[in-house]
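The values are calculated or read from the model by the stated rules, or taken from the named source; none is laboratory data. As the structure is a computational prediction, the values presented were derived from the model and not from experiment. Using ideal geometry, Cβ is built from the backbone for each residue, glycine included, and neighbour counts are taken over all protein chains shown. To get the accessible areas, we keep the full protein, side chains included, count just its heavy atoms, and leave off ligands, DNA and RNA. Shrake-Rupley method; radii C 1.70, N 1.55, O 1.52, S 1.80 Å.
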Amino acid sequence: MMLKCHCRNCQQMTGSGFSPAVLVPAETFRVTRGQLRYYFTASAAGGQHKRGFCAECGSLLTGGENTERPTDVVGVTAGSLDDPSWFQPHMDIFVSDAQPWDQMDPATPKFEQYPPSAKE
């Protein structure tokens, strides 16, 4: 699953209008070089989001993990991939927080906050 999150927290974490993320199975996610440092932010779903940053350069690498609602996926920021050119978002989430200058593709499904399946 690939998506763009437009929530204010993602805007602040990325310094842009959204965070492009690829959701990968947590069991397959591995850091192959260095270590992640974590920062926690409030989540609209309750609990806190766990965001992973490169300990060397500070780049945001992961997000979307929740301290109180464990999931089986890790969100990997598309810009951190060795080849981000294949990123094609399947949805836009938290469009209620989207900036007016953020031009979204009208063909991409949009959700005011989380998609219905993520609330369960």
Notebook entry, point to check: Amide H of Val74: which non-local residues (sequence gap of 5 or more, or other chain) have their own amide H closer than 5 Å, using H built in the peptide plane?
Noted result: Val24, Ala26
Next item on the list: Would you mind calculating the relative contact order of region 53-112 from Cα pairs under 8 angstrom and at least 6 residues apart, reporting the percent as a whole number?
Entry: 24 percent
Next item on the list: Collect residues whose amide H, placed 1.01 Å from N in the peptide plane, falls under 5 Å from the amide H of Lys110; neighbours closer than 5 in sequence don't count.
Entry: Asp92
Note to self: Using all alpha carbons of region 1-42, what is the percent of pairwise distances in each 10 Å bin, ordered from the shortest bin to the longest?
What the structure shows: 24, 44, 32, 0
Check: If you plug each phi of region 59-72 into the Karplus form 6.51 cos²θ - 1.76 cosθ + 1.60 with θ = phi - 60°, what whole-Hz ³J(HN,Hα) values come out, in order, with x for Gly and Pro?
Finding: 5, 6, 10, 9, x, x, 6, 10, 5, 10, 10, x, 10, 9
Checklist line | For region 11-29 and region 63-113, distance of Cα centres in Å | finding: 6 Å
Next item on the list: For the chain, just the Cα atoms, rotate onto the principal axes and tell me the three extents in Å, largest first.
Entry: 38, 32, 24
Checklist line | Charge-dipole axis of region 1-111 as Lys and Arg at +1 and Asp and Glu at -1 on Cβ define it, positive-most pick from Pro109, Ser85, Asn9 | finding: Asn9
Item checked: Calculated from backbone phi, Karplus (6.51, -1.76, 1.60) coupling profile of region 37-42 in Hz, x at Gly/Pro -> 10, 10, 10, 10, 10, 4
Notebook entry, point to check: About its Cα centre, what dipole magnitude does region 24-106 give when the only charges are +1 on Lys and Arg Cβ and -1 on Asp and Glu Cβ, stated in debye to the nearest 20?
Noted result: 380 debye
Margin query: Can you tell me what share of the DSSP beta bridges in the chain is antiparallel? A percent to the nearest 5 is fine.
Written below: 85 percent
Next item on the list: Determine the order of Trp86, Trp101 by accessible area, beginning with the largest, at a probe radius of 1.4 Å.
Entry: Trp101, Trp86
Note to self: If packing is taken as the average count of other Cβ atoms within 10 Å, what order do 102-115, 42-55 fall into, highest mean first?
What the structure shows: 42-55, 102-115
Checklist line | Relative contact order of the chain, defined on C-alpha pairs under 8 angstrom at six or more residues apart (%) | finding: 28 percent
